[in-house]
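Take a look at the structure below.
Any read-out appearing in this document is the output of simple, stated calculations on the displayed coordinates, not a laboratory observation. The shown structure was predicted, so the numbers you read here are calculated from the model rather than taken from an experiment. Neighbour counts run over all protein chains shown; Cβ positions are idealised from the backbone, glycine included.
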Amino acid sequence: LLFLCCTGSRMAVFVLRPARLFGWRWDNLLPTVGSAVCTAGGTLKPLASGTGTQRRTSCNVSVKLRQPTLWELMRRPYPPAVVVVIVACWLVPATVRAAALVAKEVPYIVDNRQQETLKPSCESEIYCHGELLKTVQMSEIYPDSKTFVDMKMRKSPNETLDSFHEFMVAQDNSPSKAKLKEWVESNFEKPGAEFENWTPDDWTASPKFLARIKDEDLRGFASELNKIWHSLGRKMTSDVALNPDLYSIIHVDHPVIVPGGRFREFYYWDSYWIVKGLLLSEMYSTTKGMLENFLSIIQRYGFIPNGGRIYYSMRSQPPLLCGMVKSYVDATNDTKFAMDSVETLEREFQFFMNNYVTEVNNHQLATYGYKSSGPRPESYREDVLSAGIFQREEDKQDYYCELKAAAESGMDFSSRWFIKDGTNAGNLTDLKCRSIVAVELNAILYWNALIIAEFYGYRNDIGSIAKKEEYLAKADELKKAINAVLWDEQEGAWFDYDLINKKLRKYFTPTNLSPLWVGCYDREDKELPKRILAYIDRLQLDRYPGGVPNTLQNTNEQWDFPNVWAPMQHMLVMGLDSLDNAEAKELAFSWAQRWVRGNYLTFNKTHSMFEKYDAQELGGHGSGGEYEVQTGFGWTNGAAMDLMNKYADRLTTAHSHTYPRGP
């Protein structure tokens with residue numbers, strides 16, 4: 001018999017007892033015990049099943065068998081010759097059987113997540129998986145893979161599939177690029193067919209925050225940003241609700257504000273900073289409608305997808321809806337909305353705690369990485385080509401899951417998620433995002449628990465009071481876990497944790513300081529601000545004229561050096577300003593000044609706001625990644641507006657001093 005006792009993915013102990021070999025006479029012998037110890041660690045290897053969803057830890061299995069002692073054998077009333085024969089006949093087959101049992105019944109990998117067959121990104125055989133999607137995307141009839149999956153079908157899905165099969169037969173399953181494009185355009189409409197023109201009825205040309213901005217040029221800049229909401233607003237046509245199967249868009253009742261450019265739908269974590277800007281623009285009705293959209297999506301899906309397309313429906317993004325609702329409630333004092341929303345917000349919180357959490361050093365912490373099979377539909381060709389390095393289908397599926405986990409983090413892609421030889425070296429094929437405990441994900445979950453407790457506190461019934469205490473306790477548990485596992489006292493920062501090599505990843509990214517942003521630190525510790533400032537000083541993060549880069553590694557991935565991103569700048573500024581330390585507050589202001597002035601200069605030159613910027617150049621836009629830099633841009637606008645409001649009486653367009661170029 002083989003019994004498996006496994007604690008996490010660290011140690012598995014197998015207790016083997018050979019089967020009876022010689023009838024009743026065997027029972028007279030003392031038990032013989034074999035043990036096999038599975039020591040976890042080191043590298044990740046794919047499961048033979050190829051599900052690609054679980055964290056994998058390789059095991060080296062060694063088998064040890066304990067024989068009865070000679071004295072124990074000789075005490076039996078058998079002639080010595082018989083004993084020798086019995087022992088010989090017992091030892092060889094018992095050893096073979098023990099090894100066979102270990103090889104056959106014990107996988108060489110121990111998982112701490114349940115294995116299961118993966119589902120595709122969604123059920124649609126047009127937008128998420130199947131031959132039609134594969135044929136169109138691999139043909140590269142459009143430069144951007146996202147173009148096709150955003151198109152509306154002209155006929156029903158079944159009619160479209162039938163037409164495709166007939167077309168392929170007629171083309172001997174090898175259509176030319178021109179013929180395939182002709183078929184697509186006769187069966188699909190161009191992207192954007194799901195929207196109609198919409199002007200927000202709560203928009204105002206002169207929101208009150210503009211008058212608070214002292215610098216005249218910045219006031220004009222903020223006024224221009226306020227106008228951009230018109231171009232970023234989207235309202236779905238009634239046909240989307242009547243014929244949802246013809247679209248990849250996820251239907252919602254209320255209009256949305258989108259990021260811009262190729263991002264034609266709402267995106268989850270982008271919306272946090274968009275909401276910040278909308279509230280300053282006094283667009284309360286638009287904001288509430290967006291929040292109601294998100295709440296309704298949680299009721300349908302159990303969570304909020306990465307973005308507003310069905311091909312995103314098997315992955316999420318950093319869960320910032322609680323923060324959005326709190327921002328709205330703080331701005332409007334609409335506590336009834338908070339009370340009405342709290343159960344749905346709780347449902348999302350539980351989804352993350354049930355599906356993303358793993359045990360680390362006796363603490364519960366979360367990693368990114370929900371589960372689905374196949375390439376990302378919106379980046380199908382890019383994923384298939386980059387997966388070409390892998391020979392086995394199981395390895396490819398595992399890689400696709402890593403790509404989607406990194407996309408779920410919002411940082412797609414970055415050396416932050418590379419693990420190669422225990423470092424952050426490598427390339428996309430070294431993605432191990434699912435094996436990295438992310439600081440900001442856990443900090444946000446801590447914040448969510450606090451907000452849910454606050455919203456339950458608005459009620460007076462006994463059940464809600466109990467819920468408030470429950471979520472305060474959950475927040476406290478997460479805070480203890482974050483500071484016990486991820487905080488490094490000597491470095492003066494929090495770091496992601498590598499589950500494969502069981503160590504902190506001491507590489508810079510702005511999220512190392514995200515606990516400051518949500519207040520997940522000991523405010524009584526007067527030395528903490530000094531340690532954090534020392535960390536910033538050691539890395540010379542203040543030297544970059546265009547803002548703090550997302551990492552210090554230049555890999556040509558868009559979330560690496562030299563790119564600078566608005567949400568990270570906003571997070572850093574707000575986090576440092578929260579510290580009870582004059583130097584930290586002044587540094588926060590200087591970074592806000594640098595960032596806003598760079599946005600202003602770029603806008604003056606290009607009349608555009610960009611998705612990302614260049615740390616090496618004040619006002620330079622970013623580059624790298626899978627697509628061209630996008631303009632619009634929702635979260636950049638919202639972050640800039642919020643910083644201009646925070647430092648309304650101090651920010652200026654005047655040039656203060658020069659900064660040395662980064663590496």
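Counting Lys +1, Arg +1, Asp -1, Glu -1, what net charge surrounds MET153 among other residues with beta carbon under 11 Å of its beta carbon?
Values: positive: LYS152, ARG154, LYS155; negative: GLU159, GLU189, ASP245.
With Lys, Arg at +1 and Asp, Glu at -1, the neighbours total 0.
Taking LYS235 as the anchor, which lysines have their alpha carbon closer than 19 Å to its alpha carbon, excluding any fewer than eight residues away along the same chain?
Answer for LYS235, where 19 Å is the Cα cut-off: LYS152, LYS190, LYS227, LYS288, listed by chain and number.
Rounded to the nearest 20 debye, what is the charge dipole size of the range 131-189 about its Cα centre when +1 sits on each Lys and Arg Cβ and -1 on each Asp and Glu Cβ? Mind dumping the intermediate values first?
Values: 8 positive and 11 negative charges, 21 e Å.
Computed about the Cα centre, the dipole is about 100 debye.
Read phi for every residue in the range 469-475 and hand back ³J(HN,Hα) as whole Hz from Karplus 6.51 cos²θ - 1.76 cosθ + 1.60, θ = phi - 60°, with x for Gly and Pro.
5, 4, 7, 5, 5, 4, 4
For the charge dipole of the range 368-436, defined by +1 on Lys and Arg C-beta atoms and -1 on Asp and Glu C-beta atoms about the Cα centroid, which residue among SER435, LEU385, SER372 has the Cα displaced farthest towards the positive pole?
SER435
Take the alpha-carbon centre of the range 404-468, take the same for the range 518-555, and report the distance between them in whole Å.
Their Cα centres are 20 Å away from one another.
Where does each of 285-297, 532-544, 341-353, 631-643 land if you order them by average Cβ count within 10 Å, highest first? Kindly include the intermediate steps, with their values, before the conclusion.
Working: 285-297: 20.6, 532-544: 16.6, 341-353: 19.0, 631-643: 26.2.
For the peptides 285-297, 532-544, 341-353, 631-643, the packing ranking is 631-643, 285-297, 341-353, 532-544.
Step through the residues of the range 638-647 one at a time and calculate ³J(HN,Hα) from phi using the Karplus curve (6.51 cos²θ - 1.76 cosθ + 1.60, θ = phi - 60°), rounding each to whole Hz and writing x for Gly and Pro.
x, 5, 4, 4, 5, 5, 5, 6, 5, 10
Please compute the contact order of the range 131-189 in relative form: average sequence separation of alpha-carbon pairs under 8 Å and at least six residues apart, divided by the residue count, as a percent.
The normalised contact order for the range 131-189 reaches 47 percent.
Please give, to one decimal in nm, the separation of the simple spin-label points placed at ASN483 and GLU166, each 7 Å out from Cα toward the Cβ.
6.8
Determine the shape class of the range 433-579: with a ≥ b ≥ c the square roots of the Cα gyration tensor eigenvalues, call it rounded for a/c under 1.5, and otherwise prolate if a/b is greater than b/c, oblate otherwise.
On the way: a/c = 1.94, a/b = 1.82, b/c = 1.06.
Taking the square roots of the gyration eigenvalues as a ≥ b ≥ c, the range 433-579 is prolate.
Could you tell me whether the range 454-496 comes out rounded, prolate or oblate from its Cα gyration tensor? Rule is a ≥ b ≥ c as square roots of the eigenvalues, rounded for a/c under 1.5, then prolate if a/b exceeds b/c, otherwise oblate. Please report the intermediate quantities before stating the final value.
Working: a/c = 5.71, a/b = 3.89, b/c = 1.47.
Prolate, since a/c reaches 1.5 and a/b exceeds b/c.
Highest mean first, how do 426-434, 449-457 rank when packing is the count of other Cβ atoms within 10 Å averaged over residues?
449-457, 426-434
Please list, or write none, the lysines whose alpha carbon is within less than 22 Å of the alpha carbon of LYS420, excluding same-chain residues fewer than 8 places away.
The reachable lysines, counting only those whose Cα sits under 22 Å from LYS420, are LYS45, LYS396, LYS404, LYS432, LYS502, LYS503, LYS506.
Return the distance in nm (one decimal) between the two label points of a simple spin-label model at LEU385 and GLU123, each offset 7 Å from Cα along Cα→Cβ.
Distance between label points: 3.4 nm.
Work out the FRET efficiency for ALA425 and SER206 from their Cβ-Cβ distance, taking R0 = 60 Å, and round it to the nearest 0.05. Before the final figure, lay out the partial values.
Values: r = 52 Å, r/R0 = 0.87.
After rounding, the FRET efficiency stands at 0.70.
What is the fewest-to-most order of HIS621, HIS607, HIS363 by other Cβ atoms lying within 10 Å of their Cβ?
Working: HIS621 22, HIS607 9, HIS363 19.
Starting with the residue having the fewest Cβ neighbours, the order is HIS607, HIS363, HIS621.
Considering only the other residues whose Cβ falls under 14 Å of the Cβ of LEU242, what net charge follows from Lys and Arg at +1 and Asp and Glu at -1?
Working: positive: LYS152; negative: GLU194, GLU196, ASP239, ASP245, ASP253.
Here the charged neighbours net out to -4.
If the cut-off is 23 Å between C-alpha atoms, which lysines fall inside it for LYS526, apart from same-chain ones fewer than 8 positions away?
By straight Cα distance, LYS526 reaches LYS479, LYS480, LYS585.
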